[in-house]
Amino acid sequence: MKARLAAGETLFGTFLTLGSPLAAESLGLAGFDWLLVDLEHGGGHESQLLGQLLGATAAGVHALVRVESDARGRTARALDLGVEGVMCPQVNSAAAAEAWASALHYGPAGSRGIAFFHRGARFGTDPEPVEHARERVLGIAQIESPEAVEAVEEIAAIDGIDVLFVGPSDLSYSMGRFREFDDPAFRSAIERVVAAATDAGKTAGIFLASPNEVPAAIADGFRMIAIGSDGGFMMQAARAAVLQARGA
């Protein structure tokens with residue numbers, strides 16, 4: 001996925017919030033490019049991460065995770081289990097971004113602990129685990145506050161940060177403009193994040209509630225695009241089916 005984004009592709013994915021390996025596999029087979037296991041929110045637990053990664057692998061899609069915080073142990077365990085990329089919430093400064101990005105990679109560029117017997121290194125059979133991890137591991141920093149926007153150019157310049165990812169609801173709420181997505185100040189923040197990513201040769205990403213919002217996001221310059229979640233899709237389809245049945 002890191003190589004595909006670097007080559008300029010636009011990739012669509014969704015968040016996994018139910019903790020279900022079967023939901024992961026089925027959504028991968030539905031045609032998404034990537035799936036992200038959400039350990040910050042949702043009903044899943046870290047103990048359920050591996051099953052969902054296996055589901056995504058069975059479907060042939062990129063498997064990512066959002067960790068609860070920048071605690072290096074959370075990131076390290078996810079990488080050892082074989083995720084391709086890690087998303088960190090609330091990256092509000094260049095110092096925080098640099099410290100977290102260091103945990104993504106082995107030395108000398110990073111400070112990830114050396115251990116190659118895990119799934120992420122193919123249980124010790126990868127002949128070049130350090131080099132392959134450098135090429136493969138995708139670092140996704142969430143820009144969710146005015147402080148993060150003010151530091152976004154510095155964050156984008158950090159090695160190991162590959163994607164600047166916006167959660168529009170969180171960012172607008174922290175700006176005092178909750179879901180006022182046409183507000184000039186919010187629009188200015190969005191433009192600044194995308195420009196910082198572009199200027200640094202990185203990717204801008206965003207979470208969307210509906211595919212109807214995709215054309216506008218692409219026009220803004222976003223290329224890692226999340227659409228909804230497994231729980232959201234289930235609820236939407238179930239409600240539509242019930243309404244249709246009752247209408248009949």
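The values are calculated or read from the model by the stated rules, or taken from the named source; none is laboratory data. Everything quoted here is computed from the prediction, not taken from an experiment. For neighbour counting, all protein chains shown are included, and Cβ atoms are generated from backbone atoms with ideal geometry for every residue, glycine included. SASA here: full protein model, heavy atoms, side chains in, ligands and nucleic acids out. Shrake-Rupley method; radii C 1.70, N 1.55, O 1.52, S 1.80 Å.
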Open item on the list: Of everything in region 219-240, what is open to solvent by 50 Å² or more (accessible area, probe 1.4 Å) and of a type in the set (G, A, S)? Give them in sequence order.
Closed with: A219, A237, A240
TODO: Out of L22, L11, report the one residue that is more than 17 Å from the chain's Cα centre (by Cα), among the hydrophobic types (A, V, I, L, M, F, W, C) and surrounded by fewer than 23 Cβ atoms within 10 Å (Cβ to Cβ).
DONE: L22
Task: Selection count, region 27-47, where residues are surrounded by 15 or more Cβ atoms within 10 Å (Cβ to Cβ) and either over 24 Å from A133 (Cα atoms) or modelled with pLDDT of 95 or more (or both) - done: 13
- [ ] Would you check which residues across region 91-113 are part of a loop (DSSP other than H, G, I, E, B) and under 23 Å from V149 (Cβ atoms) and list them?
- [x] V91, N92, S93, L104
Task: Near pairs, Cβ below 6 angstrom, 6+ apart or cross-chain, from region 72-98 (under 13 Å from L164 (Cβ atoms)) to any residue that is basic (K, R) - done: M87/R66
Task: helices (runs of 4 or more DSSP H) contained in region 144-248 and holding at least 2 residues charged (D, E, K, R) and under 30 Å from G107 (Cα atoms) - done: 146-150, 152-156
Task: Which numbered condition Q90 fails, given (1) modelled with pLDDT of 95 or more; (2) closer than 24 Å to A3 by Cβ - done: (2)
Task: Candidate set: region 74-120, residues that are over 21 Å from the mean Cα position of the chain (by Cα) and hydrophobic (A, V, I, L, M, F, W, C); chosen: the one most open to solvent (accessible area, probe 1.4 Å) - done: F117
Open item on the list: Just to check your reading of the model, which residue among S174, S210 is open to solvent by less than 60 Å² (accessible area, probe 1.4 Å), out of contact with any Phe, Trp or Tyr (no Cβ under 7 Å at 6 or more places or on another chain) and more than 30 Å from S26 (Cα to Cα)?
Closed with: S174
